Amino acid sequence: MKILRSLAVMLPLFAFGLGTVEQESLTDSGDISRFDGSYLGAVESNGVMVPVLTRLDSRGRSYYYMNEGERLVKGSLIECRASSAARLWCDWQDEYGRGVLKLVFDQNMDSFSGEWTTPGDDNRYKWNGVKMREGLE
């Protein structure tokens, strides 16, 4: 319930995203621990921005919780890899399907803007977040 309340409070702050992610190729797949942390934000789902908690973990335990009002949808983020010092790609998977998530972090690694896609669909959907302070995770 605490996660639901936190996500609901944060939604207005992230409803419009922080920009778009341009096309690029993977060039740096080394250590990705610089991305580790919990991020509160919003993700575009069915045409609206909904609260999301994104947990990035370089040890392979990355996931997200998307708040759909009365319930949380849990998803997995797998095969995460860096495309540059401040860009991360992950494959996402949940009960609705699977696809690719591309994130671009700010210079302090405190927030990201991104987009998610699904195979065979040219549309791109927003996903953003701001890093939670330690102790609130």
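Taken together, the values in this text are just the output of simple stated rules run on the coordinates, not laboratory data. The structure presented is a predicted model; accordingly, all values stated were derived computationally and were not measured. We place every Cβ from the backbone using ideal geometry, glycine too, and count neighbours over all the protein chains shown.
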Could you go through the stretch 61-67 in sequence order and give the Karplus-derived ³J(HN,Hα) for each residue, using 6.51 cos²θ - 1.76 cosθ + 1.60 with θ = phi - 60°, rounded to whole Hz, and x for Gly and Pro?
-> 10, 7, 7, 8, 10, 9, 8
To the nearest 0.05, the calculated FRET efficiency linking residue 86 and residue 48 through their beta-carbon distance, R0 being 22 Å, is 0.20
Give, as a single signed number, the net charge of other residues whose beta carbon lies under 15 Å from the beta carbon of residue 119, with Lys and Arg counted +1 and Asp and Glu -1.
-> -3
Go through the stretch 113-124 residue by residue and turn each phi into a ³J(HN,Hα) via Karplus (6.51, -1.76, 1.60, θ = phi - 60°); whole Hz please, and just put x for glycine and proline.
-> 10, x, 8, 10, 9, 10, x, x, 10, 7, 6, 10
Cβ crowding within 10 Å averaged over residues, with 84-91, 69-76 ranked highest first | 84-91, 69-76
Each label sits 7 Å from Cα toward the beta-carbon; between residue 121 and residue 36 the label points are separated, in nm, by 3.3
May I ask you to compute the full-extension gain from residue 130 to residue 93, defined as 0.36 nm times their residue separation minus their alpha-carbon distance, rounded to one decimal in nm?
-> 11.2 nm
